[in-house]
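Okay, so here's the structure we're looking at.
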Amino acid sequence: MRWAAFGLMLFAGTLTTADAQVRSVKLVTPERLFGYFVGDVLRSEVDVAVDKGTVLNRASVPAPGDLDYWLELVDSHVEETAGDDTKLYRISLAYQNFYLALDARPLNIPGFTLSFTSSHGATSVQVPAWSFLISPLREILPAAKAAGADYMQPDVKPPYYNLLRERIATFALFAAALIAFGILAYHLALWPFGARAKRPFTEAARRIRKMLGAREDELAYRDALLALHRAVDATAGHVVFAEDLPQFLDAAPMFSRWKEEFNLFFQSSRQTFFADNIAAARADLSPDELCRFSDRLAAAERAAP
Amino acid sequence: MASVTKRDAQETLGAWHSAASTFEKEVAKAVVGQERVIRLLTVAIFARGHVLLEGDVGVGKTTLLRAVARAIGGAYGRIEGTVDLMPSDLVYYTYLGEDGRPRVDPGPVLRHGEALSVFFFNEINRARPQVHSLLLRLMAERSVNAFNRDYQLPFLQVFADRNRVEREETFELPAAARDRFFIEIGVETPTDPEIRRQLVFDPRFHDVDALIAAVKEGVLDHRELPTIAAAIQQNVHASPALQKYVLDLWTAIQKPAAAGISLPGINMARLIRGGGSPRGMSYLVRGARVQAWLEGRDVVVPEDIRALFVEIIAHRIFLDPIYEIRQENLTRDLCTAIFAAVPSP
């Protein structure tokens, strides 16, 4: 918005005291001062430059409220900017006009007095009044209409805004966000990339506990050994025989502290499956021990990086 | 009564087990760095199977066989395969006598009669197919017809050697012939630097005859071998789980794709044209029982099967023609993949 410098420079002569505590006063009014209708808001600014140490008396700034039956001060606020040895007060004022004119006529915005205090005493500055031309909104004598509603003008249609660009941008950003979330989920191995590292021993331990808990017979023991065999195979990525144990433990060092137990396990497995002597196998590695062993392996597997 | 015989059998087997260890040690005196080959030969001897040796020239195949023959005891016969060798040359020896008349005497196979325990056929792929066919009969039936009668050779074990360097003037062994060999053993040059140094610089290895003479003669009694071989087969136990495992392996050879086996760059559905004859699989189990016994066990475990699998089965797997040129490596990879994939127990 461009504002025309309408105001005037006031110098010491216009001030009530001889001290040059107020350097200048400038009133800025709207550039156009005609063609206003009822309800229009007019804004003006008053710039006052003062010496450092001179303080505006805020109470002297007009407070929002009715100024006349047709004029309301709707907004008034003060901005303060400090310079090297001066201080600038900018007082922004917004007036709303409620005068319903039948012809074009000038209306007056009243002036006011700003007061300042400094170490030298009080000073006041007169801000001048200014005026604008108001215009009528309707004809004075409209042609006769049948119904009262006919005098009403149609509402202004709401403006059409083309939102295609915004819509495209929204979708594009949404898609980008989705992709970003996808990448993040993949990175953090969250769902749906949550296929966690396979945990064969954990799974086997769960099944073994279930099997041995449910039945005490030899078949359950056999199945439990088988489940653990499959877990060893799955961990190694290939079938592991008893004589492959050292290589297996080298490849999976997190289990190497259970070497003794592994040996017992393979020994029992041999007894069970190849010597058909489950009794001897159970003497070497009881079902309880087998269960505990698989639990330990599962824990070691989870603890491994 | 039955338990008494069983205990007797076990005692005999125990005694033979130490004899077998001595045999391995004696043969190792003559041939260094070939422990695995010696073990495979020992398995073949106690499984009464015929052996096909393969390998480069000069790795000590002949020395090895002479050492084995000496340690087994019994008579030893040998013949060199040549392109003009005829089947009759195996059984007949024809020459002019001192009186100038032609004579026909028993040839290398028959010269020692029943006592022949090791017959060594050198460079078998230089001989013609008609020689192969006679040899096949000899191997399968341990008998031969000559001088209008049948000769029985109950203790015969054939060791053939196939030179794989040359291809000219050779006759590739037909599948049926290879299937009749119990085992095909590849003899490689030792890789251990110390053993290589010894082989080249140690004067002990320069005189083959002296080397063979150092091997104790007749560590095993060749006349007892068939009996003890039968006892091993009867007394070493193959559990149902092991039987299932072997059958699974067999299925996997024939239908590797169905067993979830894949080799890089190979169409698994096409790869196998025929694999693992029933004879081959029975040889495998026979060998595995012997291997278990040599390891001091009375049950067969999958490790025994694996130890012999490539040597006994690989040459019985027949590949699609487009893969045939890579047969050796492919079957080896296939065997490795099968053992990695088929679960045991």
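The values are calculated or read from the model by the stated rules, or taken from the named source; none is laboratory data. On a predicted model such as this, the values are computed, not experimentally measured, just so you know. In this analysis, Cβ positions are derived from the backbone assuming ideal geometry, glycine residues included, and neighbour counts consider all displayed protein chains. The accessibility values were calculated without ligands, DNA or RNA, using every heavy atom of the protein model including side chains. Shrake-Rupley method; radii C 1.70, N 1.55, O 1.52, S 1.80 Å.
When the Kirkwood hydrodynamic radius is evaluated over all pairs of different C-alpha atoms of the stretch B:236-341, what value in angstrom, to one decimal, is obtained?
About 14.0 Å, per the Kirkwood formula over Cα pairs.
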Next on the checklist: Positive end of the dipole of the stretch B:236-341, charges at C-beta (+1 Lys, Arg; -1 Asp, Glu), about the Cα centre: which of B:Trp293, B:Met281, B:Ala340 has its Cα farthest in that direction?
Outcome noted: B:Met281
Next on the checklist: Could you tell me which residue out of A:Pro128, A:Ala280, A:Leu184 lies farthest along the dipole of the protein assembly as shown toward its positive end? Charges go on the beta carbon: Lys and Arg +1, Asp and Glu -1, centred on the Cα centre.
Outcome noted: A:Ala280
Next on the checklist: Buried by at least 10 Å² relative to the chain on its own: which residues of the stretch A:258-278 qualify, computing accessible area with a 1.4 Å probe on protein heavy atoms?
Outcome noted: A:Arg270, A:Phe273, A:Phe274, A:Ala275, A:Asp276
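Excluding ligands, DNA and RNA, what is the solvent-accessible area per residue of the protein assembly as shown at a probe of 1.4 Å, expressed in Å²?
Working: 34600 Å² over 650 residues.
Ligands and nucleic acids excluded, the result is 53 Å² per residue.
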Checklist entry - Which residues in the stretch A:34-56 place their backbone N less than 20 Å from a point set 7 Å from the Cα of A:Asp85 along the Cα-to-Cβ direction? => result A:48-56
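How big a patch of accessible area, both sides summed and in Å² to the nearest 100, lies buried between A and B at a 1.4 Å probe? Don't skip to the answer; put the middle values down first.
Working: alone 19560 and 16500 Å², together 34600 Å².
Summing both chains' loss of accessible area gives about 1500 Å².
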Item to check | Overall Cα dimensions of the protein assembly as shown, principal axis frame, Å, largest first | outcome: 167, 70, 59
Checklist outcome for this item: Restricting to Cα pairs under 8 Å and 6 or more apart, the percent relative contact order of chain B works out to 22
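How high is the relative contact order of chain A, given as a whole-number percent (alpha carbon pairs under 8 Å, six or more residues apart)?
Details: 435 pairs, mean separation 36.8, N = 305.
Rounded, it is 12 percent for chain A.
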Item to check | 0 to 90° range, to nearest 10: angle between helix A:259-273 axis and chain A longest Cα axis | outcome: 60
Checklist entry - In nm, to one decimal, how far is the B:His206 label point from the B:Asn267 one, both placed 7 Å along Cα→Cβ? => result 5.8
Checklist entry - Can you list residues whose amide H is under 5 Å from B:Tyr93's amide H, if they're 5+ apart or on another chain and H is modeled 1.01 Å from N? => result B:Asp105, B:Gly107
Checklist entry - Angle between the Cα long axis of helix A:164-187 and the longest principal axis of chain A, 0 to 90 degrees, nearest 10? => result 30
Next on the checklist: At a cut-off of 10 Å², which residues of the stretch A:227-248 become less accessible once all protein chains are present than in their chain alone, using a 1.4 Å probe?
Outcome noted: A:His229, A:Arg230, A:His238, A:Val239, A:Phe241, A:Glu243, A:Asp244
Next on the checklist: Quick check: convex hull of the Cα atoms in the stretch B:27-219, volume per residue, rounded to a whole Å³?
Outcome noted: 139
Checklist entry - So, with a 1.4 angstrom probe, what is the percent of accessible area on the stretch B:146-274 that is carbon and sulfur? => result 52
